[in-house]
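Structure first, then comments.
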Amino acid sequence: MNYIVLDLEWNMGTPREELKVMPFEIIEIGAVKLNEDKVETERFSKLIHPRVYRRMHWKNKSIVHIENADLKKAESFEEVYSEFLAFCGEEPYIFCTWGDTDLTELQRNIYYFDCIPLAEGPLEYLDVQKLNGYSTGMHKKRISLEKAVEEHHIAEISDFHRAVNDAAYTAEVLKSIDKSIEKYTSFNNYYVPKDIDSEIIRDYGDYIKHIFRCFKDKQRLIHDKRVRSLFCPVCKKELEKEIPVFSTNGKNYLMAGNCTEHGMVKAKIRIKKNEQKDQPYAVKTIRIINDEEKMILENKYQKFISSKSE
Ligand SMILES: [Zn+2]
């Protein structure tokens, strides 16, 4: 499978101009294609003529070094996107990006300009920024691309904040990450699973991720039997809940139970809103936790109980 390492530059409008469906208009697509052995085989770099936010926003101007005159001469989004798809090619590939925003903005632009979608449901990709954190053992660590380039002693041969350069730097960081960590793929949920059959259940070995379809409303979602189910991520045995489903903020729900063989199991249900349908969906992760995490969870639950009785 090929890797398509992607980076975008975009422009925004003034608050008065801003479109909710597309707050950022893409003005440059840059990409580096790597083969299975992570050897670069091809590069893509194209500017896009903006039609919604025509002048470079002052906030962008100082960061992205693209001139209005160059954008005026550039091709339309539709043209560049179709060239980009041709570049991606017929062979199977996975997108790789720094952070989790590029694929949302790309899909928003594709939707706005009425082009062929990249996917019908959640789009699996490698978030190189996340993987870089994982590779250093710090699962929540997210650093800037510049910082990562420095930490990996990658030669700084071109300017940051031009799409193809940032894609090339991201590709270099990806090369220095151990292949075993690439199993921790991410999903962009711009399009959620359209029904139960297309829901995503991914077994990462030490944890399980389940992306549910949309529900009509939050009440239906949080009372759904499948959403509330708890099982051990290792042996898949159904578990009694020692800590029932609770939430301290109405967005993240937690629960826990004990597998006699594999220890304490925690599930987290994150409720998100789907942009396309304006309906809630859930992402549930289930994993084994250690004693310290168990204590933190129990404390949270106690706090929740006492806040209710007040
Ligand atoms: Zn078990």
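Quick notes on this one:
- Output for segment 257-273, where each listed residue is surrounded by fewer than 17 Cβ atoms within 10 Å (Cβ to Cβ), in contact (Cβ under 8 Å) with a residue 24 or more places away in the chain and away from the ligand (no atom under 13 Å from the Cβ): Lys272
- Selection within segment 195-226 - away from the ligand (no atom under 16 Å from the Cβ), in contact (Cβ under 8 Å) with a residue 40 or more places away in the chain and closer than 27 Å to Leu126 by Cβ: Ser198, Ile200, Lys209, His210, Ile211, Phe212, Arg213, Cys214
- Residue, nearest to Asn188 (Cα to Cα), within segment 274-294, restricted to residues that are within 16 Å of the ligand (Cβ to nearest atom) and part of a loop (DSSP other than H, G, I, E, B): Ile289
- Test: residue in segment 94-115 that is free of Cβ contacts under 8 Å to residues at least 24 places away in the same chain, surrounded by fewer than 22 Cβ atoms within 10 Å (Cβ to Cβ) and at positive phi: yes
- Test result for Phe246, more than 16 Å from the ligand (Cβ to nearest atom) and over 30 Å from Asn109 (Cα atoms): yes
- The single condition among (1) surrounded by 13 or more Cβ atoms within 10 Å (Cβ to Cβ); (2) at pLDDT below 95 that Ser62 does not satisfy is (1).
- Checking Pro233 against (1) buried (at least 19 other Cβ atoms within 10 Å of the Cβ); (2) away from the ligand (no atom under 13 Å from the Cβ), the condition it does not meet: (2)
- Hey, Tyr184 surrounded by 14 or more Cβ atoms within 10 Å (Cβ to Cβ), more than 16 Å from the ligand (Cβ to nearest atom), in contact (Cβ under 8 Å) with a residue 24 or more places away in the chain and under 23 Å from Ile305 (Cβ atoms) or not: no
The values are calculated or read from the model by the stated rules, or taken from the named source; none is laboratory data. Just so it is clear, the structure is predicted and the values come from calculations on it, not from any experiment. Glycine gets a Cβ as well: all are built from the backbone with ideal geometry, and neighbour counts include every protein chain shown.
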